[in-house]
Structures are given as C-alpha cells and as structure tokens.
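The values are calculated or read from the model by the stated rules, or taken from the named source; none is laboratory data. Quantities reported herein were computed from a predicted structural model and do not represent experimental measurements. Quick reminder, even Gly has a Cβ in these numbers, built from the backbone with ideal geometry, and neighbours come from all protein chains shown.
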Amino acid sequence: MTRSDDELLAKPIVVVGAGRSGMNFLGDTIAQHGSLAVATEPRLIWKYGNDNKSDALRPEDAHPKAIAHIRSQFAAHVRQQGKSRLIDVTPGNSLRLGFVERVFPDCQFVHFIRDGVDNVLSMRRFYAVFARTIRPEKDPVRDSFMMRRAREFRLRQLPGIATEVIRHLAPDFLLPLIGPPVLGVRLPGMVGMRREMDLLDVCFLQWRASVEMACLYGRRLPPDRYMECRIEGFSLEDVKNIFEFCNLGTSPKAIAFFEKRFESKRIGPAMNDADPDELKHLRDQVEPTMQWIERRKPRSDEERPPDVSTAHREVECDRGRPLGSGPATNTPDSLAWLECRPEQGVLVLKFLVGRLDSKQHRKEDYHRVLTEAIAAGHNRIVLNFSNLGYTNHTWGIFQLIFTANCLVKDTGGSLAVCNMKGHVRRVYTFASLGKCAPEYRSESRAVEALASQPHT
C-alpha cells in the first residue's frame, strides 16, 4: 500500500552545521540505517518561493505554497528511495531552524559543531578551489552534484542559477562587473561581502552565523528535538547516542561505515593553512563564539573538546623550532613526485605530478623536505607548478604554499612560485595567495628574482 506524504515525512532528521564542519559525513553515517533516505544539500528545494532571498529565511517566509512544494519534493525523494523516513543535510538550514520547523513541525535537529579555526580554514580552502570552476565529481553522472541541482530546480529559478554558473566560469576581468562567485551558506549581502572583504573574514562570518543561529534556536527546543555533537573527540559512542536520540535501532552498517571512514587525524593541526598573522587574527575572531558555546552548555573536563588555543600546538612547535641559516650546505633528497635542485643559491622544488593524492604524495614527506632544506641553509625557495594541473581543497596549493611560507618566513627567507596554469592559477589568484608568494611566469625569472635578494 502506498504511504501518504505525511507518513513519509514523520519526524524527519535535519542535520545542521556550518559548511565543512563534517555534517555531510555525519549525515552519511546516520543514513546507513536501512529506513532512511538521505537528501544531500538540496538547496534549491529549500529556497523555492524565496529564490531572491538569502539562506536566513524567517518562519513567516514559509508560506503555504512553499511548504507544499518542499514537502512534496521530499516525500517523492523518500518514496523513490524505497525508504520510510527522511534525513536532510543542508548547511543553509543552520540559519533558518524556525523556517524548517514550519515545514516539518516534528523534525529532530542534529547540530554538528567543529572548532572554529579549523572549520573556517577548511571553508576558505574549499571556497577558493571550487569558486572558479564547476565542482568535479567522482560519482556516477546520475548522482553528481550538477545532476542533483538539475533535478531540483524549477524554471522560475533559472535566472539565479545562470548567474551563479556565470560567476563560477567567467574570466577574472568580468568579476568586477558581474560580482564574485559565492559558495556556502548565503548570508544577506553576500556578494557585497565578497567584493569588499577578505575571503578569510567572509568564511568566518559564515561559520559564526551558522553556529550561533542554530544554537540560539535549537537550545530553546525540548531535549528530544535538538542535540549537539562536536567533531573533536567524535566517537562510536556518539554515533550510538544519535541513533538513540532519533529513536532508531543501532545499525551495524552505520557502525562499519563510521569505523572505516572516520579519520580523526584529519581534524586539528593537519588542516591548518594560514600564516602566523592570519592564524592569530582568526583565533581572536573565533574565541568569543567558542567560549559562548561552552559557557551556555557546560561540560566536564573529560567531555570538553580541545581548546582553540591548543588545537594548533603541533604547527606552532614546528614554527618555533630553530632552523638553519647562512649558506646552504647540501640539498635535501628528492621524492618520486618532487624534484629538488639548487639554482644560483636558490632551491627549486618542482612538482612532477598533475594532481596530488594524499595517499601517494604524503604531506609529511613534503614538510620533511622543506624542513631539511631550511635546516641546511636553503631559505630562498621557488615552487615550480609547471606539471600541476589541478588542485583540490584537501591537498593542493593551499597546503604547498602556506607550509613553505610559514617555514621560510621564520628564517627571514623568501618564497616564490612559477609556471602556474589553468585551475591552479585561478585558485592562486582568487584566494590572493600572492601575499604569501609572488608569481613569476618562468622558473628562470623566479630564481633570478630571489637570487638578487640578500641572504639572511
């Protein structure tokens, strides 16, 4: 017998959190339960009838026509998947819990919170990498990001979608005319923010609004309607608690998924991509919100997540370690994917692959090569990107440039990049990475420029 829309949409689970907080992983873990149909970031469905507004929709924006459309779309999704309950994972819902509650009056919210410093830096990487391209996909075409958007949108939404696509793909010289591309939760006045503010500050405002607005609304709900999780220290026990909160039996498939996919080592210092000045600025911004989160919901010392001030201790230790100075005494060994050679007193690091893979091309090896080089006296370094054709948000030019810049800067040295092209150069330009390392068209020009600087 066919179940009604109301039956399929009883007590839906709504996962909220800032973009890049780990909420997609959390949603995928919960969705391993056999009764759940997951909807991953169906942004256009949620914006139906409010297409020209930001993501910060108010409860009164949930007019009858919008409610009817949203519920019918989600019911059709659950029915198509052959499931009996919905789980939605959409970062923008963090700004509009009241609106969501009007659509789903009996929904349960699960709020995933990540340390602000790590979260904002991860958002900036993702933003810069994908803002100037259409997101590549490994999934089958029918399940890809673009196909999901194509299924969601209605003809009335076409002008807004077309504008976003043009901003993603337009040449740099057109951006002042059409406006910069926008990713993540859409705050009011987002295009203006991108025009006038640094990308790091924009990502911070997106994070703060997402976390604070979700907490302020959610913590007023009954305890069986809202719960919070922290990704730092997230464990299998937390997964079981979420299933209990959602009145679901623990799923062996979900447990196996969590044990296989959750990588705690990716949380914390390994995600740090900022120079010391940026990191200090970001900590000052983030600290009040993190303190407010903890103050409003006290926890025991054993349960308290790592403090913002200590979350990056490992990176700071590396920066504070005395490294060599003076003339270089030797050249560090090259890697299979990274060539190291001295040129006129300047060390050239040339990447020999078209795309970095964290399993084959380890970040630790890159860091070791740099550390050994600087300890040997090479504090003028050129990164040659002639072979690197694509960069992603987990392992790419952000890590390559920021890691080298942080180590070189401590010794009073200098860093430059050369031979950038395509997607790599668009990200470099969009993210203003030139403030860390100036760009030269050829290796010879970069070497000549650094060689002319006095050795410190």
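Assorted remarks:
- Evaluation of LEU95 against the conditions (1) surrounded by 13 or more Cβ atoms within 10 Å (Cβ to Cβ); (2) modelled with pLDDT under 90 shows that the sole unmet condition is (2).
- Within segment 90-112, no residue that is more than 20 Å from ASN24 (Cβ to Cβ) and basic (Lys, Arg) sits with its Cβ atom under 6 Å from a residue that is modelled with pLDDT of 95 or more and buried (at least 24 other Cβ atoms within 10 Å of the Cβ) at 6+ positions apart or across chains.
- Residue match in segment 67-83 (condition: in contact with a strand residue (DSSP E or B) (Cβ under 6 Å, 6 or more places away or on another chain) and aliphatic (A, V, I, L, M)): yes
- Listed conditions (1) touching a residue at least 40 places away in the same chain (Cβ under 8 Å); (2) surrounded by fewer than 23 Cβ atoms within 10 Å (Cβ to Cβ) are all met by TRP46, apart from (2).
- Count of segment 271-285 residues, restricted to those that are touching a Phe, Trp or Tyr at 6+ places or on another chain (Cβ under 7 Å) and at pLDDT 90 or above, is 2.
- Of all residues making up segment 242-253, the number that are part of a helix (DSSP H, G or I), of a type outside the set (D, E, K, R) and modelled with pLDDT of 95 or more: 3
- With respect to the conditions (1) modelled with pLDDT of 95 or more; (2) over 19 Å from LYS240 (Cα atoms); (3) polar (S, T, N, Q), SER35 lacks only one, and its number is (2).
- Subset tally (residues that are more than 19 Å from ALA56 (Cβ to Cβ) and surrounded by 14 or more Cβ atoms within 10 Å (Cβ to Cβ)) for segment 180-196: 2
- Scanning segment 420-456 for residues being part of a loop (DSSP other than H, G, I, E, B), at pLDDT below 90 and closer than 15 Å to ASN392 by Cα gives a total of 1.
- Evaluation of GLY249 against the conditions (1) over 19 Å from ILE30 (Cβ atoms); (2) more than 16 Å from the chain's Cα centre (by Cα) shows that the sole unmet condition is (1).
- Residue match in segment 342-351 (condition: more than 19 Å from ASN419 (Cβ to Cβ) and out of contact with any helix residue (DSSP H, G or I) (no Cβ under 6 Å at 6 or more places or on another chain)): no
- Any hit, segment 359-382, residues being within 22 Å of the chain's Cα centre (by Cα), assigned to a loop (DSSP other than H, G, I, E, B) and among the acidic types (Asp, Glu): no
- Check on GLY22, touching a residue at least 60 places away in the same chain (Cβ under 8 Å) and touching a Pro at 6+ places or on another chain (Cβ under 8 Å): no
- Some residue of segment 182-197 being farther than 20 Å from ALA128 by Cβ, aliphatic (A, V, I, L, M) and part of a helix (DSSP H, G or I): no
- Answer from LEU216, LEU199 - the residue that is closer than 26 Å to PHE104 by Cα and either outside the structural domain of GLU101 (by TED's automatic domain parsing) or surrounded by fewer than 20 Cβ atoms within 10 Å (Cβ to Cβ) (or both): LEU216
Yes/no matrix, rows are residues, columns are (1) out of contact with any Asp or Glu (no Cβ under 8 Å at 6 or more places or on another chain); (2) closer than 30 Å to ASP275 by Cβ; (3) at pLDDT below 70; (4) surrounded by 15 or more Cβ atoms within 10 Å (Cβ to Cβ):
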position: VAL141; (1), (2), (3), (4): yes, no, yes, no
position: ARG151; (1), (2), (3), (4): yes, no, yes, no
position: ILE166; (1), (2), (3), (4): yes, no, no, no
position: ALA170; (1), (2), (3), (4): yes, yes, no, yes
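- Considered as a group, the residues in segment 402-440 that are over 28 Å from MET197 (Cα atoms) and without any contact (Cβ under 8 Å) to a residue 60 or more places away in the chain include one that is surrounded by the fewest Cβ atoms within 10 Å (Cβ to Cβ), and that residue is ASN419.
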